[in-house]
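Any read-out appearing in this document is the output of simple, stated calculations on the displayed coordinates, not a laboratory observation. What you see is a predicted model, and the numbers here were worked out from it, not measured in a lab. Backbone-built Cβ (ideal geometry, glycine too); neighbour counts: all protein chains shown.
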2 protein chains.
Amino acid sequence: MTAQHPAPRPARTAPAPEPPAVTAAEALTGYLQDRATDFLRSLRLYGAAGADAEDAAEAARLLRRSARRIAGVLHVYRPLTDTDGSDQLRTELLWLSGALGHEHACAARLDRLRGALHRLSGAPAVTPGPAPVRGVPAAGPWPGTGATGDGLTVGAARAGALLERRLTLARTRAHSAALTALGSTRFHAVADAAAVLASEVPLAPAAHGVLAREALPGLAEAAQRRLVEAVEALPLSVAGHPYNAEALAHGLAATPGADAPPAEARQDAPWHQVRRLVRLRRYAQEVLDEQRCAAYEPALSVPLLHACQALDRHRDAAEAAAAAANAARTPRIAPATAYALGILHADQRHEVEAARFAFGRVWQRMAVTGP
Amino acid sequence: MTAQHPAPRPARTAPAPEPPAVTAAEALTGYLQDRATDFLRSLRLYGAAGADAEDAAEAARLLRRSARRIAGVLHVYRPLTDTDGSDQLRTELLWLSGALGHEHACAARLDRLRGALHRLSGAPAVTPGPAPVRGVPAAGPWPGTGATGDGLTVGAARAGALLERRLTLARTRAHSAALTALGSTRFHAVADAAAVLASEVPLAPAAHGVLAREALPGLAEAAQRRLVEAVEALPLSVAGHPYNAEALAHGLAATPGADAPPAEARQDAPWHQVRRLVRLRRYAQEVLDEQRCAAYEPALSVPLLHACQALDRHRDAAEAAAAAANAARTPRIAPATAYALGILHADQRHEVEAARFAFGRVWQRMAVTGP
């Protein structure tokens, strides 16, 4: 990817297509009503999915996707909204997204750890057949079972079985919690609010008096500034050096106190924060791209997506590493099981390091081509 | 580093200094006699060191250094030597180098694992005071002791203590074996042979009839070809991609049978072979550099040294990883100890991967500037 310098435009002979002269209110209304319609459609899909776990998971994913976008756009363009209504809607959408996301996160974490154990056993990654029926743990084909290897190999099979039990239990609990959330009056209030949003967006009176191309880019730019500031606080010069061994540097660190977060969580927190800011920036960009607001290259959405993907991988690997460490705290496990969990933890922390490296490369390219 | 193209030389106006017209016999004799003198000097230093472990270790290092060079040069330039005498001397020097090297390897492995455990505990690396008196294990300041952390942190301290015990025992045994070797008639025969070498090098009659600059570069080139062939068989395209997770890919693999080497050892073997070939190539280059034989840039010795260093690091990390895995096979260890050893194993396998990556970069640069 290289920086593109547009050729100087000959004045008035061949005018470039101007962005349409829509107001900020029209632009935001168009975007938010589309997302609210997506939200309501996903909700119907979820209801129709019934006992089909795969359809339900896909509907929940789409529901969360639109909820995050509505909340993000209300956040970035907040000065143009009726803040009383939009702030509350935002809070409720994030609550719903969180309540529905936990089940998916448990399933994805188990998949990731399953894949890593297969890779570490030198076996090809196995997709364990159809997704398990809700609440029923799958009999995963764990590596090492039936092998003629020594105790340490058996440990991989046992570590796998332990993780399977723990994460399936967590997933079942998350599923119950999601069902409870979906049956609550709080949820029905969010659904009603989304239905209202599909026909009427809570905007500030000022949003009707300004053009989208005048009012929106500045607010997206403010989101960009918050992102840049957060990225500048990251140790990117270390992360850009391959094999810096930084992500695992506290893998065996003593916790300063019982209530303090572990050292790795403290180290990861600023990256998670940048992940949230990249997302906000992406959603802000989607509104601009729809309006073809001239101040921003539409091409920016691709590196923003790549940055998001690197930071999603960072978060997923960090949580998988924590799950392996927590499993190792199970009382009375065999040493071989603990050994395999140690290897798994270190492996996922190296994935964390690899994701930081990948983010650094994407960010560097964005600095060349970006706004 | 960039390729240097010498400017075309004006004919006969300012002749470049020709390499001196020494014979191949003179060149080899000069190099080998110097190394034999080094060998004898180190031997005297070793005798004078007495109970001083540090002086003795340094003398043993110099002894092995000259033994390896004599053996390597006799190997590369074998067609110019009296093969009956030189082959036997080579075998005996490699035996001696191996017998003396084991103790140092145990000490270095313990240092490496100690450093890694400190890094993983988030503590600054600690040099554990003076080197322990031979056979007496040092009370290393292991991380985690006295910390308020949970069981997994205590595991780091216990893993450290376990490794300390095991490697100190191995080191003590290696020390006894080295002392036995140094008292053997076999050793006295090597020392005698080195004394003879210092005054008379076992060369083929043909070596006296050819110029060094005509006979030596071709043999060094043959060593280079063997090296290039071995490097071409390495998975360098994978190793050149940072965070390829290849070195740990078999960290929990089942051993196909009780007698088969573990999967990681099989994966490492071709790299160890390249390490040996780079060394031979380096020693061959030292002879050429001394004679300023025109066919080779003296500048080649620097990237060869860097290649050697990367592959030394590869071997050291691979052996440290194996030591952690072996310690995890100790019966009746606590799960937290095994967990820490798993993390340590994975950490050292990532060092293996980092060393391969580093070697790939050095090799790429050599392909640009090299012969």
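Using 0.36 nm times the number of residues separating B:S237 and B:A191, minus their current alpha carbon distance, what extension gain do you get? Don't jump to the answer; show the numbers that get you there.
Details: separation 46, 0.36 × 46 = 16.56 nm, distance 4.50 nm.
Length gained between B:S237 and B:A191: 12.1 nm.
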- Interchain or sequence-distant (5+) residues whose placed amide H lies within less than 5 Å of the amide H of A:T81 are A:A204
- Message: Taking a point 7 Å out from Cα toward Cβ as the label site, list the nm distances between A:D82 and the same residue in every other copy, smallest first.
- Response: 10.6
- Message: With just the Cα atoms defining each centre, how far is the range A:165-203 from the range A:262-326? Give it in Å.
- Response: 23 Å
- Message: With +1 assigned to the C-beta of every Lys and Arg and -1 to the C-beta of every Asp and Glu, and no other charges, what is the dipole magnitude of the range B:261-371 about the Cα centre in debye, to the nearest 20?
- Response: 220 debye
- Per residue of B:326-338, count partner chain C-beta atoms within 10 Å of its C-beta, then hand back the mean as an integer. 5
- Message: 7 Å along Cα→Cβ for the label point: how many nanometres lie between A:R361 and each equivalent label in the other copies, listed shortest first?
- Response: 1.4
- Task: Would you mind counting up the charge near B:P205? Only other residues with Cβ under 15 Å from its Cβ, with Lys and Arg at +1 and Asp and Glu at -1.
- Result: -3
- Task: In nm to one decimal, list the spacings between the A:G240 label point and its equivalents in the other copies, with label points set 7 Å along Cα to Cβ, shortest first.
- Result: 2.2
- For the pair B:R361 and B:T180, the simple spin-label estimate (label points 7 Å beyond Cα toward Cβ) gives in nm 4.4 nm
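For the range B:155-289, what class follows from the C-alpha gyration tensor (a ≥ b ≥ c being the square roots of its eigenvalues): rounded when a/c is under 1.5, otherwise prolate if a/b is larger than b/c, else oblate?
oblate
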